[in-house]
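S.K.: Have a look at the structure that comes next, please.
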Amino acid sequence: MSSYIIRFFPVLAVFLSVIAYYSPMFFIDLKSQIVPLLMLIMLLMGLTLTFNDFKNLTKYKKAILVGIILQFSVMPIAALLISNFLGLDKNLTIGMILVGSVAGGTASNVMCYIAKGNVALSISMTALSTLIGVVLTPILIKSLAGTMVDISVMAMIMSLAKIVLLPVFIGLMINHFLSSFIKKIDFLLPLISVFAIVIVIAIVVALNTKSIATLGLLLPLAIIIHNAIGLTLGYWACKALGFDKKTCRTISIEVGLQNSGLAVALAHKFFLPVAALPGVLFSIWHNISGSILAGYWSKRS
């Protein structure tokens, strides 16, 4: 069921975005709910984790190390280079850097399952990159965007601890002590996550109707190139290092699919609303590209 929900996500996101664009009054008043909704998504992610997922870190340590390095080097640097090359303005460039600097997206685990990748490795890498990102994401944003806008690394770390660490830890503990109950409702978790993120997308669209009207094709092009770089380098870097195909597919998806919902929340909290637009477009596009790639790989041995 999760795979169908993820595949349906882009359609639902576009549908609600159109409504938000033409009738923004339905969503503008919900802008204070962006961070709580992301905290809900992180809580749901925690509910899918177990302590065994962290035990896998030693089992797949080489692959995870490569994936983490690619995640927090290729994606943020590529975001900045693409933005400069295409001439995006300051706020959109900051938004691109935010997308590039966050951890892997929660949808990557489902995409990995569809692609016949290593799901245990995918879950472990998502969990670790999410935790590492609490500290590394603010440092990367400060390093790459610090000349464009004043950024408080410590304030961002504290915010991420509240938005990411606390909900994930609570979800992990709930799953540990109430695992039998969570198993009964686990089919609902992707549905709630999808609903939460499309609401966030609609709110951001409603807040940026004027900016979207003059956006043009450069930002969508930047998003597509950025995502393609992550998926391509994630696969071929692992291939060059001698990893098996399942591992290459897994790292490719983990690197290429970002936690763009977190980028949206950070943009809303620390920057101007327009800086959230790259995260919104990435949320839609990476689910489309991820679904296509996972579907292609699922048909191959």
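The values are calculated or read from the model by the stated rules, or taken from the named source; none is laboratory data. In this text, all values refer to a predicted model and were calculated from it rather than measured experimentally. Don't worry about glycine lacking a Cβ; one is built from the backbone with ideal geometry, like all the others, and counts go over all protein chains shown.
For (1) closer than 18 Å to residue 172 by Cβ; (2) touching a residue at least 24 places away in the same chain (Cβ under 8 Å), each residue gets a yes or a no:
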| residue | (1), (2) |
| --- | --- |
| 20 | no, yes |
| 24 | no, yes |
| 31 | no, yes |
| 35 | no, yes |
| 39 | yes, yes |
| 61 | no, no |
| 65 | no, no |
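S.K.: Which members of segment 66-80 meet the condition of being under 17 Å from residue 263 (Cα atoms) and among the β-branched types (Val, Ile, Thr)?
M.R.: 74, 77
S.K.: Here's another thing I want to ask about it. Sort through 116, 55 and tell me the only one that's in contact with a Ser or Thr (Cβ under 7 Å, 6 or more places away or on another chain), more than 27 Å from residue 140 (Cα to Cα), surrounded by fewer than 21 Cβ atoms within 10 Å (Cβ to Cβ) and at pLDDT below 90.
M.R.: When all the criteria are applied, what remains is 116.
S.K.: In segment 79-105, which residues are under 12 Å from the mean Cα position of the chain (by Cα), of a type in the set (Val, Ile, Thr) and either more than 21 Å from residue 65 (Cβ to Cβ) or surrounded by fewer than 24 Cβ atoms within 10 Å (Cβ to Cβ) (or both)?
M.R.: 99, the sole residue that qualifies.
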